[in-house]
1. Of the conditions (1) crowded, with 17+ Cβ neighbours inside 10 Å; (2) modelled with pLDDT of 95 or more; (3) within 29 Å of D51 (Cα to Cα), P202 satisfies every one except a single condition; which number is it?
2. Can you run down the residue pairs with Cβ atoms below 9 Å, 6 or more apart or on separate chains, where the first is in the stretch 158-169 and part of a loop (DSSP other than H, G, I, E, B) and of a type in the set (D, E) and the partner is buried (at least 21 other Cβ atoms within 10 Å of the Cβ) and at pLDDT 95 or above?
3. When you look at F101, is it within 23 Å of G54 (Cβ to Cβ), more than 16 Å from the ligand (Cβ to nearest atom) and touching a helix residue (DSSP H, G or I) at 6+ places or on another chain (Cβ under 6 Å), yes or no?
4. M241: within 16 Å of the ligand (Cβ to nearest atom) and either in contact with a Cys (Cβ under 6 Å, 6 or more places away or on another chain) or at pLDDT below 95 (or both), yes or no?
5. Kindly check whether there is at least one residue in the stretch 112-123 that is in contact (Cβ under 8 Å) with a residue 40 or more places away in the chain and surrounded by fewer than 18 Cβ atoms within 10 Å (Cβ to Cβ).
6. Return the pairs, sorted by first residue and then second, in which the second residue is among the small types (G, A, S) and within 16 Å of the ligand (Cβ to nearest atom), the first residue lies in the stretch 51-67 and is closer than 19 Å to E114 by Cβ, the beta carbons are less than 7 Å apart, and the residues are 6+ apart or on different chains.
7. Give me the residue from the stretch 111-149 that is within 20 Å of L18 (Cα to Cα) and assigned to a loop (DSSP other than H, G, I, E, B) and, out of that set, farthest from the ligand (Cβ to nearest atom).
8. What helices (runs of 4 or more DSSP H) lie completely within the stretch 1-82 and have 2 or more residues being within 14 Å of the ligand (Cβ to nearest atom), at negative phi and buried (at least 18 other Cβ atoms within 10 Å of the Cβ)?
Amino acid sequence: MSSIRKAVVPVAGLGTRLFPASHAVKKELFPVVGPDGIARALLHYHLLDLDAAGFEEVCIIVQPGEEEAIRAYVDGPDDAYLGRLEKNPELHAEALRMREFGKRVRFAVQHEQEGYGHAVHQARDFVDGEPFLLCLGDHLFRGSPVPPAAELARAWSHSAPCSVSAVNRISADQLKGYGTIAGRRLARNPKMIEVSRIIEKPDPETARASLRVDGLGDDEFLGWFGMHLLSPSIFEVLARMIRDDIRDKGEFQLTRAQEIQREQEGYFALEMTAARRFDFGTPIDYLAALADFAMP
Ligand code: UTP
């Protein structure tokens, strides 16, 4: 059981790269077959993982008008449908589990799609001054043996009161997709890194010159894994960015807020070595992740 109680999962993006399928169903509800052979909506796996990692409440950030459909899913089926599932005990048990977890799901609305940082800002009332876990809505994660969410929540005991982000090794050609860090490993726990710089999607020259972490190969870097344990001061930073209209490529980006938070109070990263992430954001990623994720 983690001492961090709350988690936030933004799913309010436009999903343009998965158009036109995302025009029918939002990508975070796309079907994904689990290693147990059960077909679930992508978002469902977040709830299962967060439940397993001991989180008490989850806030899903949605677009206006999306809450009803997602609420209908996460609350599980009605009694009549549940009765029909009785002939399949595995699915029946799954439905009961959904009903239980559904009670712990909250919603916040992002009225304009102004970027990931802006989406996170909508969770400020839900978070209400506590440290919280943030998961990228269109990724899934798998740990061995514990869920990455639980591993990161444990790292908070080394980083508190500073935020800690999960990172993993990426190559130079992956830099265009990830926030990337520089930093120094802690002698007592080399998987923990005291971060000295965070840059969103750096070009390879910048990364080679200023985003080094010891113990990596020549052209290896540490990039965002898609999961962060954030100190609640992130909301003050995001509020200032929104007030002062500080945007990158037209959006309020979380990575910039994280770099500001680092300058103000310090920041840590946890290198995920055994855990994996699955990206469902583009058609080709979705296809590859579907096949990969279903493997036990
Ligand atoms: P992406 O950066 O993949 O953006 O968001 P997107 O809008 O979903 O997809 P494209 O780029 O148009 O294809 C990463 C996660 O952040 C959420 C998304 O729902 C996704 O789960 N997000 C993004 C928001 O909640 N709000 C935003 O304004 C942007």
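1. (3)
2. That search, which allows pairs on different chains as well, returns nothing.
3. On the way: within 23 Å of G54 (Cβ to Cβ): yes; more than 16 Å from the ligand (Cβ to nearest atom): yes; touching a helix residue (DSSP H, G or I) at 6+ places or on another chain (Cβ under 6 Å): yes.
For F101, the condition - within 23 Å of G54 (Cβ to Cβ), more than 16 Å from the ligand (Cβ to nearest atom) and touching a helix residue (DSSP H, G or I) at 6+ places or on another chain (Cβ under 6 Å) - is met.
4. Spelling it out, it is not the case that M241 is within 16 Å of the ligand (Cβ to nearest atom) and either in contact with a Cys (Cβ under 6 Å, 6 or more places away or on another chain) or at pLDDT below 95 (or both).
5. So in the stretch 112-123, the residues in contact (Cβ under 8 Å) with a residue 40 or more places away in the chain come out as 113-123.
If we keep only those that are surrounded by fewer than 18 Cβ atoms within 10 Å (Cβ to Cβ) as well, we get 113-114.
Yes, there is a match, as at least one residue in the stretch 112-123 is in contact (Cβ under 8 Å) with a residue 40 or more places away in the chain and surrounded by fewer than 18 Cβ atoms within 10 Å (Cβ to Cβ).
6. What qualifies is C59/A108; C59/A123; I61/A12; I61/A108; I61/A119; I61/A123; V62/A12; Q63/A12.
7. E112
8. Hits in the stretch 1-82: 42-52.
The values are calculated or read from the model by the stated rules, or taken from the named source; none is laboratory data. No experiment lies behind these values; they were computed from the predicted model shown. Every residue, glycine among them, receives a Cβ derived from its backbone with ideal geometry; neighbour counts consider all protein chains shown.
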